Amino acid sequence: MTEAPRLGDHPALDLLNTEARVQGQTFDFWTSHQDVLRWLAQSGVAPTGKQAAPADLLQWGRELRAVVRDLVTARKQGTRLDIEALNHFLQPHLTSPQLQRDGDGHLVLTRVARGDTTASLLGPVAEAAAVLLAEGDFDLVRQCEHEDCVLWFYDRTKSHKRRWCSMALCGNRHKAAQFRKRGSGTSAEIARASVRKSTKA
């Protein structure tokens, strides 16, 4: 299975990037409940292993993604946000404090999810989206500038001049397109010069 790109530098933006554009067509990396569960495990918000995915995880995972996409787009455009849909995912996300030991045996206080399984799995991602919307610097929340890419990222570079989801992918595609355009222009100039020369002759 093809894995969704991890280029967003923020869990909420990585969520949006589970839907991409490939050769001009929308491509969904989530086609099954297990796809969503695997992505959540790789994001560190679900247990790894052979846990069975809830039967409604794909439906609600896609719904959360659509809600977050609308909110991020609206926040980026500076329009008023309809936050109730996201609150629908946040309200059943219950956690409780739990005392645990870390890898060195030291006591640490953590919070663990409670309640409905689907809400427990998606809740941390919904919370990450809420934090981004409330506290994120949206001058640094951007969409890749390549015309055939819809991926989002949080620009954490020192210069804050990041333009591409990945320089190795869209950055190089842009450079190649510019090179071809310059080559095409040169060929056209040569052709026009040849026509002018033959006309004078």
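Values as computed for the structure displayed
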quantity	calculated
Residues satisfying the stated conditions in region 99-120, i.e. among the charged types (D, E, K, R) and touching a residue at least 24 places away in the same chain (Cβ under 8 Å)	116
Hits in region 39-58 (condition: within 23 Å of residue 95 (Cβ to Cβ) and part of a helix (DSSP H, G or I))	39, 40, 41, 42, 57
Residues being in a helix (DSSP H, G or I) and within 8 Å of the chain's Cα centre (by Cα) - total across region 1-38	6
All positions within region 114-139 that are surrounded by 19 or more Cβ atoms within 10 Å (Cβ to Cβ) and of a type in the set (D, E, K, R)	none
Single residue of region 46-68 satisfying the filter (among the charged types (D, E, K, R) and surrounded by fewer than 20 Cβ atoms within 10 Å (Cβ to Cβ)) that is nearest to residue 117 (Cα to Cα)	56
Qualifying residue in region 77-84 (condition: surrounded by 13 or more Cβ atoms within 10 Å (Cβ to Cβ) and out of contact with any strand residue (DSSP E or B) (no Cβ under 8 Å at 6 or more places or on another chain))	yes
Any hit, region 112-132, residues being assigned by TED's automatic domain parsing to the domain that holds residue 20, over 22 Å from residue 39 (Cβ atoms) and modelled with pLDDT of 95 or more	no
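The values are calculated or read from the model by the stated rules, or taken from the named source; none is laboratory data. Just so it is clear, the structure is predicted and the values come from calculations on it, not from any experiment. Cβ coordinates were reconstructed from backbone atoms using ideal geometry, including for glycine residues, and neighbour counts include every protein chain displayed.
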